[in-house]
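What follows is one structure encoded as structure tokens, with my remarks underneath.
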Amino acid sequence: MDDLVNALLNGSRRAVARLLTWVSDESPQASPILTALFPHTGKAWVIGITGAPGTGKSSLVNCLAKAYRAQNLLVGIIAVDPTSPFTGGAILGDRIRMRDLSGDSGVFIRSMATRGSLGGLARTTRDAIRVLDAAGFDIILVETVGAGQSEVDIVRTAHTTLVIEAPGLGDEVQAIKAGILEIADVLVVNKADRPGAHKTVSALRMMLDIGHPASRTQMTAHHGQLLEVKTPETPHSDEPIWIPPVLETIATDEKGVAELVSAIQKHREFIQSQGLSAPLERQRIEIELHERLREALIQQLLESTSPEYVMDVINQVQNRQLDPQSAVTKILANHKQMVS
Amino acid sequence: MKKNIRILIAKPGLDGHDRGAKVIARALRDAGFEVIYTGLRQTPEMIAEAALQEDVDVVGLSILSGAHMALVPKIREVMDSHELGDVPIILGGIIPDEDKPALEAMGVRGIFGPGTNTEVIVSKIHAMMGDASA
């Protein structure tokens, strides 16, 4: 185990690859290594890239990686694609758009399948980021599955979240709906050479004018509501707020990439200069602990409850003898009895 | 926990016919594999690099150009130099029978011609992974 940890800390790509497999498989071998690596994490800046399918996320990741490589930074990329809920298989095709990056030992690209997770990332993506972080990558680009309006895991994971839009995907009302636009630190209208790009840009700007959660610390709690949102009606006039810029890019021509990199840098400087890094990290930790606790508790509960007992309760619900909430109370009471 | 089988599907060489590769990728997905699809015109270096970063269990090559006797040894060599000697290669495409012994001697573990039932490919991969249950 120590060999693998040392190899990884010394930048062995084979070690990184193998450990990412163990992490994604939730293999028991992974946890002592993650424990050993944890003190070496927390250095990378994690950039999330999300948006609807076909908006050009992978192509933009390709452009961003090249731009950061030009600054001599090491770039790790995690590209997430969906697992089929029916077969458990997946086609991970994001590398197709990243072929410019091949042959560069300063870039490491890993594709991940969601494996049943619905939030736009895999359940193990956070640990995968930690592996790349410990291995010394300065910038970690995390591309979500083609997301819609509720896949907001990325904002609980990344330091800067980019939401990618493209012209012609919907009317202006889409832009003022809740959800994915609210998580953006930077909004990008890609394919800006397409007709309707200006309309999309102005719709997004209008959305930001109508009201943006001022001084929001950008985190979504486990129960799905924004934490610490101060409504626009009660602004703290002395407190600087981050208004997400709306940028236009054409990823296939690498247009607008320099501006995007500089917007990400401004966001990073804003977070750091306002002393927001520490409180944001605390929130991320809190949310992660909640998620892990919930999973561990369910696991524990199901282990201590016999499948027959659960089956019996399910039967009772199906026969309308028990409503689902009472069924849960019953299973919990049974569990308490078992452990006491 | 059962390990997910990851397989790289790549098209080396210069021919532009990727329909076969896509059909196979889709069939393998439907069989529950995680398929890393890298697309057309992959160099041996690109294939080895992707296989390394993605830590795949198998590399599947689709070669229709007839250049398999040049491409396969080169890819095997570059993969070996990336410490991927233990990762098997399977091959799909138009491969004359007389080339098969030489390819197998290079460590190609499965050769599938046009029209091969995808179930045959799936069960071959499972057998290679020592997963007889599936």
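This table checks each residue for (1) in a loop (DSSP other than H, G, I, E, B); (2) in the same structural domain as A:Gly119 (by TED's automatic domain parsing); (3) modelled with pLDDT under 85.
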residue	(1), (2), (3)
A:Gly224	yes, yes, yes
A:Val229	yes, yes, yes
A:Glu233	yes, yes, yes
A:Pro240	yes, yes, yes
A:Leu260	no, yes, no
A:Lys266	no, yes, no
A:Arg282	no, no, no
A:Ile285	no, no, no
A:Gln299	no, no, no
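Given the criterion within 10 Å of chain A (Cβ to nearest Cβ) and in contact with a Leu (Cβ under 7 Å, 6 or more places away or on another chain), identify the matching residue among B:Leu52, B:Leu8.
B:Leu52
Output the residue which, of all residues in the range B:17-37 that are in contact (Cβ under 8 Å) with a residue 24 or more places away in the chain, over 18 Å from B:Ile5 (Cβ atoms) and outside any loop (DSSP other than H, G, I, E, B), is farthest from the other protein chains (Cβ to nearest Cβ).
This residue is B:Gly20.
Which of the residues spanning the range B:84-105 are without any contact (Cβ under 8 Å) to a residue 12 or more places away in the chain and not in a helix (DSSP H, G or I)? Explain how you work it out, then say what you get.
As a first pass, look at the range B:84-105 and keep what is without any contact (Cβ under 8 Å) to a residue 12 or more places away in the chain: B:85-86, B:96-98, B:100-101, B:104-105.
Within the range B:84-105, B:Gly85, B:Asp86, B:Pro96 meet the criteria.
Exactly one condition in (1) within 24 Å of A:Thr83 (Cα to Cα); (2) assigned to a helix (DSSP H, G or I) is false for B:Val72; which is it?
(1)
So which of A:Thr157, A:Thr83, A:Thr114 is hydroxyl-bearing (Ser, Thr, Tyr), more than 30 Å from B:Pro12 (Cβ to Cβ) and either touching a strand residue (DSSP E or B) at 6+ places or on another chain (Cβ under 6 Å) or in contact (Cβ under 8 Å) with a residue 60 or more places away in the chain (or both)?
Working: A:Thr83 fails: more than 30 Å from B:Pro12 (Cβ to Cβ); A:Thr114 fails: more than 30 Å from B:Pro12 (Cβ to Cβ).
Selected residue: A:Thr157, the only one of A:Thr157, A:Thr83, A:Thr114 that is hydroxyl-bearing (Ser, Thr, Tyr), more than 30 Å from B:Pro12 (Cβ to Cβ) and either touching a strand residue (DSSP E or B) at 6+ places or on another chain (Cβ under 6 Å) or in contact (Cβ under 8 Å) with a residue 60 or more places away in the chain (or both).
Looking at the range A:102-111, can you tell me whether even one residue there is facing chain B (nearest Cβ under 9 Å), at pLDDT below 90 and in a helix (DSSP H, G or I)?
no
Could you check how many residues of the range A:66-98 are more than 7 Å from chain B (Cβ to nearest Cβ) and either among the aliphatic types (A, V, I, L, M) or over 15 Å from A:Val145 (Cα atoms) (or both)?
The qualifying residues number 17.
Within the range A:113-126, take every residue that is under 15 Å from A:Ala158 (Cβ atoms) and not in a loop (DSSP other than H, G, I, E, B) and give me the one that is farthest from the other protein chains (Cβ to nearest Cβ).
A:Arg126
Which condition from (1) among the hydrophobic types (A, V, I, L, M, F, W, C); (2) surrounded by fewer than 24 Cβ atoms within 10 Å (Cβ to Cβ); (3) part of a strand (DSSP E or B) is the one that A:Val142 breaks?
Here A:Val142 meets the rest and fails (2).
Checking the conditions here, which among B:Leu14, B:Leu61, B:Leu40 is touching a residue at least 12 places away in the same chain (Cβ under 8 Å), surrounded by fewer than 22 Cβ atoms within 10 Å (Cβ to Cβ), more than 7 Å from every other protein chain (Cβ to nearest Cβ) and in a strand (DSSP E or B)?
B:Leu40
Considering the range A:66-108 alone, what residues qualify as being under 16 Å from the mean Cα position of the chain (by Cα) and of a type in the set (A, V, I, L, M, F, W, C)?
Passing the criteria: A:Ile77, A:Ile78, A:Ala79, A:Val80.
Matching residues to (1) more than 21 Å from the chain's Cα centre (by Cα); (2) assigned to a loop (DSSP other than H, G, I, E, B); (3) in the same structural domain as A:Ser105 (by TED's automatic domain parsing); (4) farther than 30 Å from A:Ala278 by Cβ:
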{"position": "A:Ala15", "(1), (2), (3), (4)": "yes, no, no, yes"}
{"position": "A:Thr35", "(1), (2), (3), (4)": "yes, no, no, no"}
{"position": "A:Thr50", "(1), (2), (3), (4)": "no, no, yes, no"}
{"position": "A:Ser58", "(1), (2), (3), (4)": "no, no, yes, yes"}
{"position": "A:Leu64", "(1), (2), (3), (4)": "no, no, yes, no"}
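The values are calculated or read from the model by the stated rules, or taken from the named source; none is laboratory data. What you see is a predicted model; the values in this text were computed from it and never measured. Quick reminder, even Gly has a Cβ in these numbers, built from the backbone with ideal geometry, and neighbours come from all protein chains shown.
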